[in-house]
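Take a look at the structure set out below.
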Amino acid sequence: MSRRTVLLLSALALAAPLLVAAPAIAAPPAPPPARTAAPGPAQANGQLAVCGVRLCNADRAAVQLRGMSTHGLQWYAQCVNDASLDALAGDWGADVMRISMYIQEGGYETDPQGFTNRVSSIIDEVTERGMYALVDWHMLDPGDPYHNLERAKTFFTEIGRRHNGNTNLLYEIANEPNGVAWSRIKSYAEELIPVIRAVDPETPVIVGTRAWSSLGVSDGADESEVVANPVNAANVMYTFHFYAASHGDEYLNALSRAADRIPMFVTEFGTQEYTGDGPDDFGMAQRYLDLMAAKQISWTSWNYSDDFRSGAVFEPGTCPSGPFTTPERLKPAGEWIRDRIR
């Protein structure tokens with residue numbers, strides 16, 4: 001046997017144990033357990049569900065949630081922290097926070113994992129303060145929800161997988177569809193909802209309506225198209241948005257009629273113009289709030305940030321340090337909405 005052959009056999013003998021002993025690939029870590037809501041509205045009411053045309057608690061009693069929406073997390077994440085959430089749950093007495101995650105405009109599509117983790121973390125923080133968390137898939141431009149369907153499937157599957165043990169969630173799956181017919185929005189919902197139900201069978205799903213969630217009013221239509229052709233799924237509600245200085249009696253009356261026929265949730269409104277800026281119309285806004293109280297329509301107001309526009313509740317520079325409760329840091333709209341939540 002040649003010296004070269006001996007060396008080759010020796011090398012193979014040394015390598016063999018390494019091949020046999022190669023470690024198995026580790027299984028991925030299990031998702032963390034869902035967090036139990038702290039004492040507060042979410043613990044008192046438990047798992048929400050749609051019953052008839054109302055949102056109901058675990059005892060099947062109708063409830064009205066009142067709270068605030070964040071601004072876009074890509075711009076104003078600094079306004080969502082321990083101090084601001086403590087203020088919203090404690091001093092403001094909110095039942096719910098809407099977590100507004102834009103898809104475009106520097107949002108989810110730029111960093112899907114990062115934004116998913118951010119939303120997931122805020123859900124945990126809201127849960128720890130006893131509030132409900134409304135997860136807002138903030139599609140806006142383009143207005144066709146199908147543009148983001150695959151992204152939505154990925155996002156809600158992951159959120160549902162992480163939090164399907166929570167009893168304090170709501171999913172808003174299309175913020176403000178626009179430029180498309182109701183039939184296309186309905187089809188989108190009927191394709192996405194089964195994907196959500198595969199990982200989370202109980203959380204209520206809120207579906208946007210035509211023409212920037214105006215029930216079609218901004219396109220010259222009305223609520224009748226949704227009433228006549230609702231989404232073919234259970235535990236579903238429908239979205240309505242208004243801005244009091246822009247949207248008068250025609251919009252108010254459409255919401256009133258719709259609430260008698262289908263489950264409605266006002267996930268976004270302001271006391272200003274539809275741009276979220278301009279003068280406040282507190283008189284018209286109060287008419288909306290009176291209607292929503294009478295018909296137990298839940299709502300979240302836009303927005304819990306220190307943006308320069310009149311629709312942001314805090315004066316610029318308030319975030320991240322606050323304070324988030326003192327009147328001198330609140331704009332007129334902030335004082336007004338805080339009083340009505342309280």
All conditions in (1) of a type outside the set (A, V, I, L, M); (2) farther than 19 Å from residue 192 by Cβ; (3) within 13 Å of the chain's Cα centre (by Cα) are true of residue 113 except (3)
Listed residues 29, 33; which is at pLDDT below 55, more than 27 Å from residue 138 (Cα to Cα) and within 43 Å of the chain's Cα centre (by Cα)?
29
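Conditions (1) exposed (fewer than 15 other Cβ atoms within 10 Å of the Cβ); (2) touching a residue at least 12 places away in the same chain (Cβ under 8 Å); (3) not in a loop (DSSP other than H, G, I, E, B), marked per residue:
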residue	(1), (2), (3)
262	no, yes, no
265	no, yes, yes
273	no, yes, no
291	no, yes, yes
301	no, yes, yes
308	yes, no, no
311	no, yes, no
321	yes, yes, no
325	no, yes, no
Note down all Cβ pairs under 9 Å where the first residue falls in the range 74-86 and is closer than 16 Å to residue 106 by Cβ, the second is of a type in the set (Lys, Arg) and buried (at least 16 other Cβ atoms within 10 Å of the Cβ), and they're at least six residues apart or on different chains.
77/118
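Take residue 180 and tell me if it is touching a Gly at 6+ places or on another chain (Cβ under 7 Å), free of Cβ contacts under 8 Å to residues at least 40 places away in the same chain, outside any helix (DSSP H, G or I) and on the phi < 0 side of the Ramachandran plot. Lay out the reasoning, then the answer.
Details: touching a Gly at 6+ places or on another chain (Cβ under 7 Å): yes; free of Cβ contacts under 8 Å to residues at least 40 places away in the same chain: yes; outside any helix (DSSP H, G or I): yes; on the phi < 0 side of the Ramachandran plot: yes.
Judged against the criteria, residue 180 is a match.
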How many of the residues making up the range 102-118 are on the phi < 0 side of the Ramachandran plot, surrounded by fewer than 23 Cβ atoms within 10 Å (Cβ to Cβ) and either of a type outside the set (D, E, K, R) or in contact with a Phe, Trp or Tyr (Cβ under 8 Å, 6 or more places away or on another chain) (or both)?
9
Please verify whether the range 145-167 includes one or more residues that are in a strand (DSSP E or B), crowded, with 19+ Cβ neighbours inside 10 Å, touching a Phe, Trp or Tyr at 6+ places or on another chain (Cβ under 6 Å) and at negative phi.
no
Restricting attention to the range 235-242, does a residue exist that is within 29 Å of residue 195 (Cα to Cα) and surrounded by fewer than 22 Cβ atoms within 10 Å (Cβ to Cβ)?
yes
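Taking the condition out of contact with any Lys or Arg (no Cβ under 7 Å at 6 or more places or on another chain), among the aliphatic types (A, V, I, L, M), more than 26 Å from residue 235 (Cα to Cα) and modelled with pLDDT under 95, does residue 87 pass?
Criteria not met by residue 87.
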If I ask for residues that are within 19 Å of residue 108 (Cα to Cα) and not hydrophobic (A, V, I, L, M, F, W, C), which ones from the range 164-180 would you list?
171, 172, 175, 176, 177
When you look at residue 58, is it among the aliphatic types (A, V, I, L, M), modelled with pLDDT of 95 or more and not in a loop (DSSP other than H, G, I, E, B), yes or no?
no
Count - residues of the range 81-136 that are within 25 Å of residue 207 (Cβ to Cβ) and not small (Gly, Ala, Ser):
26
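Conditions (1) in contact with a strand residue (DSSP E or B) (Cβ under 6 Å, 6 or more places away or on another chain); (2) of a type in the set (Val, Ile, Thr); (3) under 20 Å from residue 333 (Cα atoms); (4) in a helix (DSSP H, G or I), marked per residue:
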position: 75; (1), (2), (3), (4): no, no, no, yes
position: 93; (1), (2), (3), (4): no, no, yes, no
position: 101; (1), (2), (3), (4): yes, no, no, no
position: 109; (1), (2), (3), (4): no, no, no, yes
position: 118; (1), (2), (3), (4): no, no, no, yes
position: 126; (1), (2), (3), (4): yes, yes, no, yes
Kindly evaluate residue 95 against the criterion of being modelled with pLDDT of 95 or more and touching a Pro at 6+ places or on another chain (Cβ under 7 Å).
yes
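The values are calculated or read from the model by the stated rules, or taken from the named source; none is laboratory data. Computed from a predicted structure; not experimentally measured. Counting neighbours? That spans all protein chains shown, and the Cβs are built from the backbone with ideal geometry, glycine included.
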